[in-house]
1. Out of region 115-146, which residues are in contact with a Gly (Cβ under 9 Å, 6 or more places away or on another chain) and small (Gly, Ala, Ser)?
2. Starting from region 116-143, keep only residues that are under 20 Å from His7 (Cβ atoms) and without any contact (Cβ under 8 Å) to a residue 40 or more places away in the chain, then list their pairs with residues that are charged (D, E, K, R) and part of a strand (DSSP E or B) whose Cβ atoms are within a distance under 6 Å, requiring at least 6 positions of separation or different chains.
3. Would you confirm whether or not region 5-27 contains a residue that is of a type in the set (Asp, Glu) and within 23 Å of Leu227 (Cβ to Cβ)?
4. Suppose the filter is surrounded by fewer than 20 Cβ atoms within 10 Å (Cβ to Cβ), within 25 Å of Arg20 (Cα to Cα) and touching an Asp or Glu at 6+ places or on another chain (Cβ under 6 Å); does Arg135 pass it?
5. Need the failing condition index for Ala160 against (1) free of Cβ contacts under 8 Å to residues at least 12 places away in the same chain; (2) in contact with a helix residue (DSSP H, G or I) (Cβ under 9 Å, 6 or more places away or on another chain), just the number.
6. Take Ala140 and decide whether it is crowded, with 22+ Cβ neighbours inside 10 Å and among the small types (Gly, Ala, Ser).
7. Which count do you get for residues in region 83-112 that are buried (at least 24 other Cβ atoms within 10 Å of the Cβ), assigned to a loop (DSSP other than H, G, I, E, B) and among the hydroxyl-bearing types (Ser, Thr, Tyr)?
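The values are calculated or read from the model by the stated rules, or taken from the named source; none is laboratory data. Everything quoted here is computed from the prediction, not taken from an experiment. Note that each Cβ is placed from the backbone with ideal geometry, even for glycine, and that neighbours are counted across all protein chains shown.
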Amino acid sequence: MRVVFVHGACVRDGSWWWHRTAELLQERGVPSVAPALPSCGEAGRSAGAGGPGLSEDVAAVRQVLQDSDKPTVVVAHSYGGIVTAEAAAGIGSVRHLLLVSSYLPEIGQSLSDFGDGTPAPFLDVDPDAGTFGVRPELLADTFLQDCAPEIQAQAADHLARQSVQVTAQPVKAAAWQQVPSTYLVCAQDRGTPPRLQHEFARRAGNIVELDAGHHPFLSQPAAVRDLLVSL
């Protein structure tokens with residue numbers, strides 16, 4: 001077994017965001033990898049108008065999934081669920097999807113279909129540059145309120161501006177329709193309220209709830225490790 005972690009929007013260096021859980025998995029002999037998402041400026045091209053978007057993110061994750069024939073669990077966080085819906089489709093080694101406070105789009109849906117048409121208050125959108133990002137002053141209270149102060153401080157150094165076009169680009173596949181899936185509802189999430197998570201989770205095969213904020217893999221890595229090992 002191996003785990004492929006797909007991070008959410010407006011962050012960079014996925015291996016850092018997942019490191020606390022990845023280290024515990026490695027102790028159990030389970031390797032993991034966290035692909036870089038080009039739309040977050042992680043692949044040598046700057047995010048923004050004319051920069052990489054959803055299709056580049058899908059291609060990057062799909063390449064990692066195709067690099068090994070080991071049975072794989074894909075863990076998708078938040079926006080990562082949009083990417084994974086298309087990237088994991090039709091790949092035989094993918095045995096399970098774990099969606100963490102995530103989106104499960106139907107074919108033809110985009111990230112914007114899950115909102116009310118206005119940017120969330122914790123986001124800063126720059127239409128001229130074609131990017132969006134998390135407001136740093138709202139990061140800890142919105143997304144990391146259950147994490148240690150040192151984790152909150154480090155997380156602030158791993159924010160990124162992302163190409164805003166990813167919010168409107170539709171997916172061309174919905175892997176969760178064919179692959180067994182589990183949805184992890186984060187009951188203390190202030191970014192994606194639990195009531196919305198439960199609405200999204202109805203598309204998953206199984207639902208688990210954890211009393212955690214938006215990043216349980218940082219605040220409660222042992223619980224996420226145990227869930228992954230059980231899958």
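1. Those that are in contact with a Gly (Cβ under 9 Å, 6 or more places away or on another chain) and small (Gly, Ala, Ser): Ala120, Ala129, Gly130.
2. Once the first residue is under 20 Å from His7 (Cβ atoms) and without any contact (Cβ under 8 Å) to a residue 40 or more places away in the chain and sits in region 116-143, its partners that are charged (D, E, K, R) and part of a strand (DSSP E or B) give Arg135/Asp124.
3. Scanning region 5-27 turns up at least one residue that is of a type in the set (Asp, Glu) and within 23 Å of Leu227 (Cβ to Cβ).
4. yes
5. For Ala160, the failing item is (1).
6. When the stated conditions are applied, Ala140 does not pass them.
7. Total meeting the criteria: 3.
This table checks each residue for (1) more than 20 Å from Ala89 (Cβ to Cβ); (2) modelled with pLDDT under 95; (3) surrounded by fewer than 18 Cβ atoms within 10 Å (Cβ to Cβ).
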position	(1), (2), (3)
Val3	no, no, no
Arg20	yes, no, no
Leu37	no, no, no
Val58	no, no, no
Gln63	no, no, yes
